[in-house]
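The values are calculated or read from the model by the stated rules, or taken from the named source; none is laboratory data. If you're wondering where the values come from, they're calculated on a predicted model, not measured in any experiment. With ideal geometry, Cβ positions are generated from the backbone for all residues, glycine too; neighbour counts draw on all protein chains shown. Surface accessibility is based on the protein's heavy atoms, side chains included, excluding ligands, DNA and RNA. Shrake-Rupley method; radii C 1.70, N 1.55, O 1.52, S 1.80 Å.
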Number of protein chains: 2
Amino acid sequence: MGERRRRRPTKSGVVLSEDVIIECAVRLIGHHGAEALTVRRLGAALGCDPTAVYRYFRGTDDLLLAIADFLIGETLAGYRPGPDWVASLRELGLRVRDGHLRHPRVATVAAARVTRRHNEFRAVELGVSLLLSAGFSPADAARYYHVFIDTVLAHAALEASYAALAPEVREADDRAWEETYRRLPATDYPAIGAVRPHLGAGMSGSPFEDVLDLLLESLARRV
Amino acid sequence: MGERRRRRPTKSGVVLSEDVIIECAVRLIGHHGAEALTVRRLGAALGCDPTAVYRYFRGTDDLLLAIADFLIGETLAGYRPGPDWVASLRELGLRVRDGHLRHPRVATVAAARVTRRHNEFRAVELGVSLLLSAGFSPADAARYYHVFIDTVLAHAALEASYAALAPEVREADDRAWEETYRRLPATDYPAIGAVRPHLGAGMSGSPFEDVLDLLLESLARRV
DNA sequence: AGAATTACGTCAATGGTGTTGACGTAAGGT
DNA sequence: ACCTTACGTCAACACCATTGACGTAATTCT
């Protein structure tokens, strides 16, 4: 993939480029759901032959990684840490999670393979400097940054892979908490029976903020 | 899907059952990767027509849930909670993580799902009863069970997806991580520079136990 | 014991997917 | 105005999940 390209307009008049393709792919995922990102549909949305994409990316995987890089930049755009390190870390965590949820299918792939580029360096620098400013020793700052970012990424990836499920599958899983668990006999499952009224509301929701707050609370106590 | 079945041996002489299919699928995923689990390959491995699987499972998703539940059962086998609820939850968390790491490729696909099957019921019953015995109200027990199990599953899935990478990819990843961060200029990234000697050690290890302990510590304080 | 029923393994077919290789045209440098 | 070649197009391939029809063998009923 050389630096200079001769661009020929497609049949429908669009001039392709890596950026045009990435933006179109992101739009496709955001508008029509995660499963809409197929080479054929991407070609249709771009107004070109599906295989034209292979002139710019080696394959689906390569394209997904490129999109992931785009996503990281989007996540960090406009973030400014404040004076309170707990609040700042909290917002950083929420931002990472939002970015993952906005493009869940990309997130599930990017979580497995960590793409180390400029924007990730910025995130590490931010998190570590916040912990240092909190008063942690360099050793503890490194250790707890690891704890913090892994927890955030792990939960974000888990939520993302859930959000990446086909809508009907996801709804069936949600309904399972409401219906299946409500019908379990209290004789076989006494604890579930005792907790039953509270099962549906909390279970299908996300514990992300609870987890984040519990973690930051523990960190604040250890500083 | 009735209770009793008339089993007819396949062309190659194998007698099918749900368990036979699930075990074969787990073996297939463990040996050739999650993407190797297709109906056709499963049929080939079983020695039957691919569509015979549809006599036992409604579709791919149903089969996947059964596999996930099989994994939970394996994880729970032999587990007995002790008198100390914190220690019991800790061991439960470690067991879940071990189970996921033992079948990383299954885990990456299954972690975010609700299996709606027997073994999952057992796990929920266990966790909730431990939190109830700790003194939490039913509402808090349900809420914090969700917090606990999601944290454990999220970290386990993240570690599993890392473990599922091809060895050469994983090693290349580690090397890139060490080298990349060593070369980052301290002028642009002062915090990373200050923490550098501690960064490598923390990154190669897992923060799972740190996270687990921090979480249980917070829970114990809230009871 | 023999007939009836039906579970279930098999086959054929449909419409989706990613990816490859050949082809020709139009764009850009000279 | 050439010549080169980038790249959009097309056809084809190999796979995928899933469905419906079909026949047979295994159980069940009389």
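Our compactness index for the protein assembly as shown, the C-alpha radius of gyration over the empirical 2.2 N^0.38 Å, is 1.06. Between 0 and 90 degrees, the angle of helix B:138-163 with respect to the longest Cα principal axis of chain B falls at about 90 degrees. Residues of the stretch A:150-167 buried by at least 40 Å² of accessible area upon assembly of all protein chains, compared with the chain on its own (1.4 Å probe): A:D150, A:A154, A:H155, A:L158. The figure for B:D69 is an accessible area of roughly 10 square angstrom, using a 1.4 Å probe on the protein chains alone. A cut-off under 10 angstrom between Cβ atoms defines the neighbours of A:A163, and their net charge, with Lys, Arg +1 and Asp, Glu -1, is +2.
Please determine, in degrees from 0 to 90 and to the nearest 10, the orientation of helix B:18-32 with respect to the longest principal axis defined by the Cα atoms of chain B, where the helix direction is its Cα long axis. So the inclination is approximately 50 degrees.
Placing +1 on the Cβ of every Lys and Arg and -1 on the Cβ of every Asp and Glu, with no other charges, gives the stretch B:32-100 a dipole of roughly 80 debye about its Cα centre.
Once C-alpha pairs closer than 8 Å and six or more residues apart are averaged by separation and normalised to the residue number of the stretch B:95-223, the relative contact order reads 32 percent.
With contacts defined as alpha carbon pairs under 8 Å and 6 or more residues apart, what's the relative contact order of chain A in percent? Don't skip to the end; give the middle numbers.
Values: 185 pairs, mean separation 38.2, N = 223.
17 percent.
Which residue fluctuates most in the GNM of chain A (Cα springs below 10 Å): A:E23, A:E179, A:E74? Among A:E23, A:E179, A:E74, the largest GNM mean-square fluctuation belongs to A:E179. In the stretch B:104-134, comparing the full protein assembly with the chain on its own, the residues that lose 50 Å² or more of accessible surface at a 1.4 Å probe are B:A112, B:R113, B:V114, B:R116, B:F121, B:V124, B:E125.
Using the Cα gyration tensor of the stretch B:82-222, with a ≥ b ≥ c the square roots of its eigenvalues, what is the shape: rounded (a/c below 1.5), prolate (a/b larger than b/c) or oblate (neither)? Oblate.
Residue by residue, the stretch B:215-223 carries 3J(HN,Hα) couplings of 5, 5, 4, 5, 5, 4, 6, 8, 4 Hz when phi is fed to the Karplus relation 6.51 cos²θ - 1.76 cosθ + 1.60 (θ = phi - 60°); x denotes Gly or Pro. Note on exposure: B:R40, A:R41 ranked by accessible area (1.4 Å probe, complete protein assembly) read B:R40, A:R41, with the most exposed listed first.
Here the 3J(HN,Hα) profile of the stretch B:110-116, calculated from phi with Karplus coefficients 6.51, -1.76 and 1.60 at θ = phi - 60°, is 9, 4, 8, 9, 9, 7, 6 Hz, Gly and Pro shown as x. For the residues B:G47, B:G193, B:G73, a GNM of chain B with alpha-carbon springs under 10 Å puts the largest fluctuation on B:G193. Pairwise Cα distances in the stretch B:1-139 exceed 23 Å in 43 percent of cases. Rolling a 1.4 angstrom probe over the protein heavy atoms with all chains in place gives the stretch A:18-57 an accessible area of 54 Å² per residue.
For the protein assembly as shown, with all protein chains present and a 1.4 Å probe, just round the carbon and sulfur fraction of the accessible area to a whole percent. Don't jump to the answer; show the numbers that get you there.
Numbers: 11340 of 22050 Å².
Exposed carbon and sulfur together represent 51 percent of the surface.
Each residue of the stretch A:50-63 is assigned a 3J(HN,Hα), and the resulting list reads x, 6, 4, 4, 6, 6, 10, 10, 5, x, 4, 4, 4, 4 Hz, derived from the Karplus form 6.51 cos²θ - 1.76 cosθ + 1.60 (θ = phi - 60°), x at Gly and Pro.
Farthest towards the positive end of the charge dipole of the stretch A:41-86, among the residues A:I72, A:A45, A:W85, is the Cα of A:A45, using unit charges on the Cβ of Lys, Arg, Asp and Glu.
Within the listed set B:A154, B:A77, B:A25, the residue fluctuating most in the Gaussian network model of chain B (springs between alpha-carbon atoms under 10 angstrom) is B:A77. Can you give the angle from 0 to 90° between the axis of helix A:118-134 and the longest principal axis of chain A, with both taken from C-alpha atoms, to the nearest 10? Once rounded, one gets 30 degrees.
Only Cα pairs under 8 Å and 6+ residues apart enter the sum, and on that basis the relative contact order of the stretch B:60-135 stands at 48 percent. For the segment B:180-191, counting C-beta atoms of other chains within 10 Å of every residue's C-beta and taking the mean gives 3.
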